[in-house]
Amino acid sequence: MSTKAGSVIKKKSKKQDVKDLAEKIKRNALLKQKQQQKQVEQDEEDEEDDHDKIEETTKETVINPDDELKFKTFHELKLVPELLESIQQMKFTKPTPIQSEAIPYALEGKDIIGLAVTGSGKTAAFAIPILQALWSAQIPYYGLVLAPTRELAYQIKETFDALGSSMGLRSVCIVGGMDMMDQARDLMRKPHIIVATPGRIMDHLEHTKGFSLKNLQYLVMDEADRLLDMDFGPALDKILKIIPSKRTTYLFSATMTNKIEKLQRASLHNPVRVAVSSKYQTADNLIQSMMLVSDGYKNTFLIHLLNEFMGKSIIIFTRTVAHAHRTALLARILGFSAVPLHGQLTQAQRLGSLNKFKSGVANILVATDVASRGLDIPSVDVVINYDIPTDSKAYIHRVGRTARAGRSGKSISLVTQYDLEMYLRIESVLGKRLPKDPSPSKEVLQALHFHVDKATAEAIRQTKDFHEKNKRKGSRGRDDKDREER
């Protein structure tokens, strides 16, 4: 055989080898793809089975608020006298629907999923059973309550303190923005109840020497939908791995989403699901309206409304931190008693603003959506949407700050030409068109506009100073969801 012929055979042989190798890689790739597809199908099947098992094992009760209550007074429950005394002092005359349905199951030791909106009395629905059980146990680190925001955490602690006032309760609030060493000292005093934001309690579990939750008996995840929306998922996963699996768990949420379903699977055992029937709807005694605003005149329209509702308790909602701060300053410059509430204030400033508003020292609160849910602000006459929210649910929560506990209330939305699409979406969710309030006359607007424009320029200058000061301090700005990372 010639050298040339041998070379050709070798080349053909190499080509065949390459072709065979390519075919082998292709076959392996197809096999791997089939295996992956099979695994995906199996996972989906397993998830459906899990879901079916949950549906089989989860007892669900949907409560119509008009239905007869399971118990009509707290005296009908076998609560310890000290707890009953505190309930009387707090003037809890009769239970709310969520309390009436959830508390009896909780007293039996069941895990609870409570689906109810803000203002439905869910804090007492989980605090009362925990305190009842704590009376006989009297051990530290007995209960952990996780909340999405600092304000809600402080509020939950206040409810626990008030209900446990006659039984020597020790509680602590562990949230971001406060000194870690001070918090570590508080934890070393061995409180019975810890109310915390997930990021900060995880910090202490990892770094505070001598602190452990190995004896934890109760875990509460309040506003669980918000906990997951605010990216607390990884911190929750870590906490669930560290704490005892043998415990009682309460999960409270405004809605039941897929994420909540997964959290339920990971953390609850044969729970009872209690849902207060309430679709996306607003209270019957709430008067809602909108006002079409001319371009460049939004602040003038707002000040006109503040004059109209002089002396009433008002919350103004904005979409951004900058708008909240600037609008509060604008109102103050023009002689109104207004305070801001947003994520770039220190914790002390935020609590100060809330307390001033709740006590009536200031009658106007200008806030981002941090104030739309969870906070207990008992009496609000008017809600003004300075900025239209991008999410229809956020609108429901905002206007739900007024017309509570049977009282009437009013909400007004300032709608510019750029907001119409979002506003029509909100009307679609509500299932009705909202009436249009008449705009103030041109004469009134012109008389106001010069003064408002001048005050707005000063408010913008002061807002810039505020942001510069924050940057110098090295503080991190938060987005409008007011994410509580720690």
How big is the charge dipole of the stretch 56-276 about its Cα centre, in debye rounded to the nearest 20, if each Lys and Arg gets +1 on its Cβ and each Asp and Glu gets -1 on its Cβ? 640
Taking K and R as +1 and D and E as -1, what net charge do the other residues with C-beta under 15 Å from the C-beta of Arg247 add up to? +3
Separation of the stretch 101-148 and the stretch 316-385 by C-alpha centroid, Å? 30
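Using the structure shown, list the pairs from Lys241/Lys262; Lys157/Lys214; Lys94/Lys356; Lys238/Lys259; Lys91/Lys410; Lys157/Lys238 with a Cα-Cα distance above 19 Å, or answer none.
Check vs 19 Å cut-off fails for Lys157/Lys214; Lys94/Lys356; Lys91/Lys410; Lys157/Lys238.
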Whole-number percent relative contact order across the stretch 374-427, with pairs defined as alpha carbons under 8 Å at least 6 apart: 44
Those chymotrypsin sites (Phe, Trp or Tyr not before Pro) from the stretch 402-475 that are DSSP loop and have at most 11 other Cβ neighbours within 10 Å turn out to be Tyr418
Where does each of Arg425, Arg226, Arg189 land when they are ranked from fewest to most other beta-carbon atoms within 10 angstrom? Arg189, Arg425, Arg226
Please order Glu151, Glu443 by the number of other Cβ within 10 Å, starting at the fewest. Glu443, Glu151
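Every read-out reported here was derived from the displayed coordinates using simple, explicitly stated rules and does not represent laboratory data. Because the structure is a prediction, the values reported are computed rather than measured. Reconstructed Cβ throughout: ideal geometry from the backbone, glycine too, with neighbour counts over all protein chains shown.
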